[in-house]
Amino acid sequence: MTQRDIFISEVGPRDGLQSIKAIMPTEAKKAWISAAAAAGVPEIEVGSFVPAHILPQLADTAELVAHARTIPGLNVAVLVPNFKGAQAAVAAGAHKITIPLSVSETHSLRNVRRSHVQMLDEVRQISALIHSLPDEQRPHFEGGLSTAFGCTLEGVVPEKRVVELAVALMEAGCDEVGLSDTTGYGNPAQVRSLTKAVWAAVGRDKLAGIHLHNTRGQGLANALAALDVGLTTLDASLAGLGGCPFAPGASGNIVTEDLVFMLEAMGLRTGIDLAALFATRELLAQALPGEPLYGLTPLSGLPKGFEPATPKTNQA
């Protein structure tokens, strides 16, 4: 079994593709998912169960879940905006379901067309659905606290409000919560402070991961702050694809390739083979001609004599 110090969740097939106009062919997506898993990526958010007329880029999510479920050891994650989406995710067989609750209510109304009260009601319905299933069939249920570090629509988001909604999500039936810098407003001090505040309210075991954007160049600095404070799960997107189409100016997930290099260079095992990850990036370049791909490590190459923390025998 691969040993990992840090768990990387690849969100490119969802967060990356939802933010670009081009629609990647389903077979190319399957190839991407397979290659990333073969490189050692342990979890992939393969899509979102949203209406096809809203995000046609993600209309094939059920087919992608079915494909990803055939890959041994891969944790298959999806995003759902509501109870109806969760029903589809359960039917498809996703291992993990995340529902976004925007701390900024303005963003929530823009993003999922629901208030906080309405979203928490959706969470309760989803929790009831999940608990109606046999234990072995229940997906893990995460409440994602979107715009937790600031909002392009409302501006400052009070830390107190983030904590209140984290508690509300747990009380409504989530298994855990996650922090999301949807708009790229966060800074390292804020990452440390907010993480500690949420831990104090819901318990350290109920918040393990963070979703960061590099909109203002703070992505890896914030990732390092998250590691320093004790978070162990980091979202990232291959080639830095992604953002939020319903938050103006919210571009740029942190780059999976750069994040994995930083962690491995620091002596932290990700279980991911960088050479195989670079090869996966080439699949993106072929399937999305003309689409900007980001990341410095794939362009610069690995340093001479570089030895990753993940032993070759542990890499997929």
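The values are calculated or read from the model by the stated rules, or taken from the named source; none is laboratory data. All figures in this text were calculated on a predicted structure; none of them were measured in a lab. Here the Cβ positions follow ideal geometry from the backbone for every residue, glycine too, while neighbour counts run over all protein chains shown. The accessibility values were calculated without ligands, DNA or RNA, using every heavy atom of the protein model including side chains. Shrake-Rupley method; radii C 1.70, N 1.55, O 1.52, S 1.80 Å.
Brief remarks follow.
- Less than 5 angstrom separates the built amide H of S9 from those of L234, D235, A236, all sequence-distant by 5 or more or on a different chain.
- The calculated FRET efficiency for the pair S300 and R216, based on their C-beta separation and a Förster distance of 22 Å, comes to about 0.50.
- Derived scalar couplings ³J(HN,Hα) [the stretch 29-37; Karplus, 6.51 cos²θ - 1.76 cosθ + 1.60; whole Hz; x for Gly, Pro]: 5, 4, 5, 4, 4, 5, 5, 5, 5
- Cross-link pairs beyond the 19 Å C-alpha cut-off, checked among K96/K160; K160/K206; K96/K206: K96/K160
- What you get for the chain, charging only the Cβ of Lys and Arg (+1) and of Asp and Glu (-1), is a dipole of about 240 debye around the Cα centre.
- Listed peptides 178-188, 47-57 appear in the order 178-188, 47-57 once ranked by packing, highest mean of other Cβ atoms within 10 Å at the front.
- Distance between the pseudo-spin-label points of I23 and N187 (7 Å out from Cα toward the beta carbon): 4.3 nm.
- The DSSP beta bridges internal to the chain are antiparallel in roughly 10% of cases.
- Normalised by the number of residues in the chain, the mean separation of alpha-carbon contacts (under 8 Å, six or more apart) gives a relative contact order of 21 percent.
- Taking the square roots of five times each eigenvalue of the Cα gyration tensor of the stretch 1-158, the equivalent ellipsoid has semi-axes of 25, 19, 16 Å, listed largest first.
- Here r is the Cβ-Cβ distance between K196 and R124 and R0 is 30 Å; the resulting FRET efficiency, rounded to 0.05, is 0.60.
- Full extension of the segment from K84 to E136, taken as 0.36 nm per residue of separation minus the current Cα-Cα distance, would add 16.6 nm.
- Theoretical FRET efficiency, 1/(1+(r/R0)^6), r = Cβ-Cβ of K160 and I71, R0 30 Å, to 0.05: 0.10
- Burial order of peptide ranges 299-311, 78-90, 18-30 (average beta-carbon count within 10 Å, highest first): 78-90, 18-30, 299-311
- Taken along the Cα-to-beta-carbon direction at a fixed 7 Å, the label points for E63 and T106 span 3.9 nm.
- Solvent-accessible area of D135 with every protein chain in place, 1.4 Å probe, in Å² to the nearest 10: 110 Å²
- Most mobile of A148, A59, A77 in a GNM of the chain (Cα contacts under 10 Å): A59
- Inter-label distance, nm, simple model (7 Å from Cα along the C-beta direction), A208/D228: 2.4 nm
- Rounded if a/c under 1.5, otherwise prolate or oblate - the stretch 210-311, Cα gyration tensor axes: oblate
- Fully extending the segment from E282 to D5, taken as 0.36 nm per residue of separation minus the present Cα-Cα distance, adds 97.0 nm.
- Relative to the Cα centre, the charge distribution of the stretch 45-181, modelled as +1 at Lys and Arg Cβ and -1 at Asp and Glu Cβ, gives a dipole magnitude of about 300 debye.
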